[in-house]
Amino acid sequence: MLVTAHGGSFGTGRNTEKYFQTIKDYNVDIIEVDIWKRGDLLYISHLPRLFPKLWTLPLSYVFEFVKEHRFKVNCDVKQGGLVKPVTELARSYGVEDLILFIGSVKPFEIKDVTNEVWLNRSFFGMSPVCENVGKMKARIESYGKSNIKGINFNYKYLSDEFLKRCTEADLAVSAFTVDDEKEQERLINYPVIANLTSNMPDVTLKLLNKEIKRKKVKK
C-alpha cells in the first residue's frame, strides 16, 4: 500500500512552501497538490485565484521539487482539460514518470492520458454505493487502458461492505483524506486499498511498520 501526504499535512497549509519543505523529510510515497490554470499559468491552490502570480506557487515549483527529491506527485486537477498541459510541463522537467492524476479528469481526456489515473466519484455520475461497484468496474474496463488503476474516493464512502464488493470486483481503491488512526487501521487491513492519503502520514507509516523519516543520502 502506498502512502500519500495530503497537501498541507501536519498543519503546514495547502500548496505552501512550508508543506514541501516539511514533507521532504518524510518517507511517503506520494505528495499531493491541487492544480488550476489561468491564462498560460498552471498553478497550485485549493481554490481558484484571480491573481495567481501574486498569491500562489507555480506548478513548475512542484516539478522542480519532485525532480530533486524523487517523490511521486498526485496531480489533483481542479478543472477539466488540464491533463495534457500538466503532462507536457512535467515532461519538460523530466518528471513525467513521477506524476499521476486524480480530481476533475474528464471522459474526453481519457483517450489521451498515458499516466496513472485514479477516478473520482464525479467521473462516474452514479452514487458511491455497493450496488454500483460492478458498474464502475465495467466503466473502467470499457476504456481498455491499463493506466486507469481504480477509484479515488473519500474514506467516508468506504464501508466494510463497500470494500468487500470492491474486493470481489477486483476494483482497486485509493482512499482520502484519512486522519483518524482507527479508520486508517481499519482500511489498511483491506488489500484492495492501494493508496491512503492523510494529513498525518506519519501515523500511516507507523501502522504499516515503515520508516517514518527518509534516510539522508550523502552527496
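Quick look at the values:
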{"item": "Violating pairs (Cα-Cα greater than 20 angstrom) within the set LYS24/LYS72; LYS53/LYS106; LYS72/LYS216; LYS37/LYS149; LYS24/LYS67; LYS145/LYS210", "result": "LYS53/LYS106; LYS37/LYS149; LYS145/LYS210"}
{"item": "Normalised contact order of the range 3-135, rounded percent, pairs of Cα under 8 Å and 6 or more residues apart", "result": "18 percent"}
{"item": "Accessible surface of the range 13-125, 1.4 Å probe, proportion on carbon and sulfur as whole %", "result": "51 percent"}
{"item": "Lys/Arg +1, Asp/Glu -1 at C-beta; the chain dipole; positive extreme among LEU208, SER198, THR22", "result": "THR22"}
{"item": "Amide N proximity, the range 33-56 versus HIS69 label position 7 Å along Cα-to-Cβ, cut-off under 15 Å", "result": "33-34"}
{"item": "Förster radius 30 Å - calculated FRET efficiency between LYS210 and SER159, Cβ distance, rounded to 0.05", "result": "0.70"}
{"item": "Computed over the range 121-173: relative contact order in percent, which uses C-alpha pairs under 8 Å that are six or more apart", "result": "44 percent"}
{"item": "Surrounding net charge for CYS166, when Lys and Arg each add one and Asp and Glu each subtract one, Cβ distance under 11 Å", "result": "-1"}
{"item": "Potential extension, PHE10-PHE51 segment - 0.36 nm per residue separation minus Cα distance", "result": "12.1 nm"}
{"item": "For the range 1-127: accessible area per residue (Å², 1.4 Å)", "result": "45 Å²"}
{"item": "Alpha-carbon centroids, the range 99-176 and the range 1-53: separation in whole Å", "result": "23 Å"}
{"item": "Cα-centred dipole magnitude for the chain, charges only on beta-carbon of K, R (+1) and D, E (-1), debye, nearest 20", "result": "500 debye"}
{"item": "Summed side-chain charge close to MET1 - residues other than MET1 whose Cβ falls under 12 Å, Lys, Arg +1, Asp, Glu -1", "result": "0"}
{"item": "Cβ-based net charge around LEU50, under 14 Å, with every Lys or Arg adding one and every Asp or Glu removing one", "result": "+4"}
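The values are calculated or read from the model by the stated rules, or taken from the named source; none is laboratory data. Every value quoted in this text rests on a predicted model; they were computed, and no experiment measured them. Note that we place each Cβ from the backbone using ideal geometry, even for glycine, and neighbour counts take in every protein chain shown. With ligands, DNA and RNA removed, areas are computed over all heavy atoms of the protein, side chains included. Shrake-Rupley method; radii C 1.70, N 1.55, O 1.52, S 1.80 Å.
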